[in-house]
Amino acid sequence: ISDTHGRHHWLTPLIATIDADILIHCGDITFQGKGGLNAVRGFDAWMKQFRHQYKIVIGGNHDRCMPQTGNRLLKESVFQNCCYLDNNLLVMPEYQNLCVFGCAWSPNG
């Protein structure tokens, strides 16, 4: 999924019915960074309800608060229920070492 722009809750019924092992959000959790880290934390709390073994998040061009926050803080304090990727990868050994590389991008300001 991607480009939810703060409306990710609209997808709850659909995502809850999909029987999958991996859920990836490919950016634009927020719109122009509105809501800041509180919006990102709310998104992370929303992701917790899903039973997917891997929940992966990559920042997008509208997630302007994320680069300003920094990778380390996002990974250690904000994303508690999913794996945040920014210029790194996640290897999933149980899927024949499937790799997902994430490269977030957002303009300054």
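Looking for whichever is free of Cβ contacts under 8 Å to residues at least 40 places away in the same chain, within 19 Å of Phe101 (Cβ to Cβ) and of a type in the set (Lys, Arg) here; the options are Lys75, Lys34. Which one fits? Walk me through how you get there before you give the answer.
On the way: Lys34 fails: within 19 Å of Phe101 (Cβ to Cβ).
Lys75 is the lone residue from the list that is free of Cβ contacts under 8 Å to residues at least 40 places away in the same chain, within 19 Å of Phe101 (Cβ to Cβ) and of a type in the set (Lys, Arg).
Which ranges mark the strands (runs of 3 or more DSSP E) fully within the chain that have 3 or more residues being surrounded by fewer than 16 Cβ atoms within 10 Å (Cβ to Cβ)? Even if it seems obvious, please write down each step before you answer.
On the way: elements: 22-25, 54-58, 83-85, 88-92, 98-102.
Once the strands (runs of 3 or more DSSP E) in the chain are filtered for at least 3 residues that are surrounded by fewer than 16 Cβ atoms within 10 Å (Cβ to Cβ), what remains is 88-92, 98-102.
Values in this text are rule-based calculations from the coordinates and carry no lab data. These numbers come from a predicted model, not from an experiment. For neighbour counting, all protein chains shown are included, and Cβ atoms are generated from backbone atoms with ideal geometry for every residue, glycine included.
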